[in-house]
Amino acid sequence: MKVAFYRHNIGDAEIAAVAAVLRSPIHTAGPVTQEFEKAFAGYLGCSHAVGVTSWTMGAFLCLKALGIGPGDEVIVPPLTFISTANIVCHAGATPVFADVERETGLLDVESARRAITPKTRAIIPVHMYGAMCDMRAFERLARERGLALIEDAAHCVEGERDGIRPGQLSRAACFSFYATKNLACGDGGAVATNDADLAAKVSMLRFHGMTRGAEDRYSGLYRHYDMEEIGYKCNLTDIHAALLLPQLPRLEEYRARKEHLARLYEKGLGAVPGVELMKTPAGSRHARHLFTFLAPEGCRDRWLAGLQNREIGIAVHFNPAHLMTFYRRTFGFTEGAFPHAERIGLRTITLPLYPKLSDEEAGYVVRMVSEVASDA
């Protein structure tokens, strides 16, 4: 049996919605984008959502909107996709890594506290795999030290912890709608916030810093625009928003299906010698974006090859960012600097997890992991 790493959920409703936009006069950011932004903010329980081209651009615009730049430091975990640290560099600031919790892979609050210096301006907790960081603790820390919180919620649209959703305790939560995400449009993202001023500034920065977008300028009588500060071109389009809107009502159904599959994995893999499972924090609702487990130390790459040879689609989320060549060369990081992130990052394997995955396929994946584990 061949099991793909991912299969998308795009169907007739999404195709029809895109076709309707293509027949309309506006293909860039317009009424469909605005409809999605309103619906997405409502889903999250936030006041505002701003559609952008990617998580990366959304989080970068948040840093720019908050005036974070040269001479400033931003705390991030090393166990994350490289864009979390990269945006700090792009803003001209310095990324400062803090270690993660051993059992969850989530940014550790006390490690972040120890990393704070007089130059620290912000913390970016990453909700890894779909599990949320302890946002109540991070909010207290940020308030005590006068820091901005920007959530990396790329994996966590549906997540919840201690009754808190992404975007509710931070200055902003940034989301990804990349092709493999639970809510996907190929490439796209959004910034969710309860801060009206921040939402307005991010919205302006995504349109070159202009005071009017294309729809405002060309719908009805022409209206002049100003440019209050230099910005970027990274707005979500109506075409992408049309793909996203029909998926929103199905998110809970899809999450329930993935929760079921994750439980099958946990039950089956729990009996495989050498496998270590990641823990979900108490009081959490996991978004179930990814299912990862840890192979025995020194065995990860052999297990990856063994699963691929058995036609199982796999991935790695993530090799530690501080051990990437750029960060080693630029900041002098070495192995051993963040032991929990390295322990997870150098052992983790991500298995297929999506609504179209059948119970039979999930069972087969478990059997193949067991075979690989038993190989001499």
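Since every read-out is calculated from the coordinates, none of them should be taken as a lab result. Predicted, not measured: the structure shown is a model, and the values here were computed from it. Using ideal geometry, Cβ is built from the backbone for each residue, glycine included, and neighbour counts are taken over all protein chains shown.
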Give the Rg/Rh ratio for the range 271-324, taking Rg as the radius of gyration of the Cα atoms and Rh as the Kirkwood radius, to two decimals.
1.00
Cα-centred dipole magnitude for the chain, charges only on beta-carbon of K, R (+1) and D, E (-1), debye, nearest 20:
180
For the range 1-94, projected area of the alpha-carbon convex hull averaged over all directions, nm²:
9.9
Cα-based Rg and Dmax for the range 12-249, in Å, come out at 17.7, 59
Hydrodynamic radius (Kirkwood) for the range 251-374, which is based on Cα pairs only, to one decimal in Å
15.6
Linear extension gain, GLN34 paired with THR180, 0.36 nm per residue minus alpha-carbon span:
50.2 nm
Find which of GLY283, VAL52, HIS240 sits farthest along the positive direction of the dipole of the chain, computed with +1 on the beta-carbon of Lys and Arg, -1 on that of Asp and Glu, about the Cα centre.
VAL52
Most mobile of PRO296, PRO95, PRO125 in a GNM of the chain (Cα contacts under 10 Å)
PRO296
Would you check the chain for Lys pairs whose C-alpha atoms are within less than 16 Å, ignoring same-chain pairs closer than 8 in sequence, and give me the count?
9
For VAL52, the residues 5 or more places away or on another chain with a placed amide H closer than 5 Å to its own amide H are GLY189, ALA190, VAL191, LEU236
Hey, what did the range 12-249 get for relative contact order, percent, Cα under 8 Å, at least 6 apart?
27
Over the chain, the sum of -39500 (n - 2.57) across DSSP H runs of at least four, divided by residue number and rounded to 500 deg cm²/dmol, gives at 222 nm -11000 deg cm²/dmol
Checking the range 233-330 for trypsin sites (Lys or Arg not before Pro) in a loop per DSSP with at most 16 other beta-carbon atoms within 10 Å yields LYS279
Would you mind computing the Rg to Rh ratio of the range 93-141 from its alpha-carbon coordinates, Kirkwood style for Rh?
0.95
Return the loop-located trypsin sites (Lys or Arg not before Pro) in the range 1-108 (DSSP other than H, G, I, E, B) with at most 14 other Cβ atoms within 10 Å of their own Cβ; answer none if there are none.
LYS2, ARG7, ARG23, ARG102
Helix 251-269 sits off the longest principal axis of the Cα atoms of the chain, rounded to the nearest 10 on a 0 to 90 degree scale, by 20
Highest-first arrangement of 224-232, 352-360, 46-54, where packing means the average Cβ count within 10 Å
46-54, 352-360, 224-232
Which whole-Hz couplings ³J(HN,Hα) result when phi for each residue of the range 331-336 is put into the Karplus expression 6.51 cos²θ - 1.76 cosθ + 1.60, θ = phi - 60°, listed in order with x for Gly and Pro?
10, x, 5, 10, 4, x
For the pair ARG263 and ILE230, how long in nm is the line joining their label points, each one 7 Å along Cα→Cβ?
5.5
The alpha-carbon center of the range 123-191 and that of the range 265-294 are separated, in whole Å, by 20
